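Asks: What follows is a single structure, and I will ask about it in a moment.
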């Protein structure tokens, strides 16, 4: 039962990740979306930051369950538990260089959009009749 539940959860995560990747790629055609994805990832509030947090929680959960199962197997009901060696949850945010590497496409898209809009503005300025 636990294996089936784990398999269903992993399939759901994979499908959700695939859907988010597709929607992010399609919406990145807009300069606002590319900027939003870059800014939220730099602020550690974006989609990839949430995925990183969830992976960290899943790792901790498995460590904690293993610890609890070991403690329950080795203790009697009335014994006072010793929690000095209990695993601690530690979350480390992603570094700015990792985030920039992951969002290189958004940085390049923003540079491309800036160049296109600058050229369009310059051409419209050149075509303007000053009379």
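Asks: Looking at this structure, is residue 30 surrounded by fewer than 13 Cβ atoms within 10 Å (Cβ to Cβ), without any contact (Cβ under 8 Å) to a residue 12 or more places away in the chain and over 21 Å from residue 99 (Cα atoms)? Show your work before the answer.
Replies: Numbers: surrounded by fewer than 13 Cβ atoms within 10 Å (Cβ to Cβ): yes; without any contact (Cβ under 8 Å) to a residue 12 or more places away in the chain: yes; over 21 Å from residue 99 (Cα atoms): no.
So residue 30 fails the test.
Asks: In the range 36-54, how many residues are touching a residue at least 12 places away in the same chain (Cβ under 8 Å) and either crowded, with 16+ Cβ neighbours inside 10 Å or not in a helix (DSSP H, G or I) (or both)?
Replies: Narrowing the range 36-54 to residues touching a residue at least 12 places away in the same chain (Cβ under 8 Å): 37-38, 41-42, 44, 47-49, 51-53.
Filter once more, keeping what is either crowded, with 16+ Cβ neighbours inside 10 Å or not in a helix (DSSP H, G or I) (or both): 37-38, 41, 44, 48-49, 52.
Final tally of qualifying residues: 7.
Asks: Among the residues of the range 95-108, is there at least one that is touching a helix residue (DSSP H, G or I) at 6+ places or on another chain (Cβ under 7 Å), surrounded by 10 or more Cβ atoms within 10 Å (Cβ to Cβ) and in a loop (DSSP other than H, G, I, E, B)?
Replies: Looking for residues that are touching a helix residue (DSSP H, G or I) at 6+ places or on another chain (Cβ under 7 Å), surrounded by 10 or more Cβ atoms within 10 Å (Cβ to Cβ) and in a loop (DSSP other than H, G, I, E, B), one finds at least one in the range 95-108, hence yes.
Asks: Return the only residue of 118, 78, 104 being modelled with pLDDT of 90 or more, farther than 24 Å from residue 6 by Cβ and more than 17 Å from the chain's Cα centre (by Cα).
Replies: Values: 78 fails: modelled with pLDDT of 90 or more; 104 fails: more than 17 Å from the chain's Cα centre (by Cα).
Criteria check complete, one pass: 118.
Asks: On to the next question. Only one residue in 88, 92, 71 is surrounded by 14 or more Cβ atoms within 10 Å (Cβ to Cβ) and either modelled with pLDDT of 85 or more or in a helix (DSSP H, G or I) (or both), so which one is that? Lay out the reasoning, then the answer.
Replies: Numbers: 88 fails: surrounded by 14 or more Cβ atoms within 10 Å (Cβ to Cβ); 92 fails: surrounded by 14 or more Cβ atoms within 10 Å (Cβ to Cβ).
The unique qualifying residue is 71.
The values are calculated or read from the model by the stated rules, or taken from the named source; none is laboratory data. Since this is a predicted model, take the numbers as computed values, not measurements. Cβ atoms come from the backbone with ideal geometry, glycine included; neighbour counts cover every protein chain shown.
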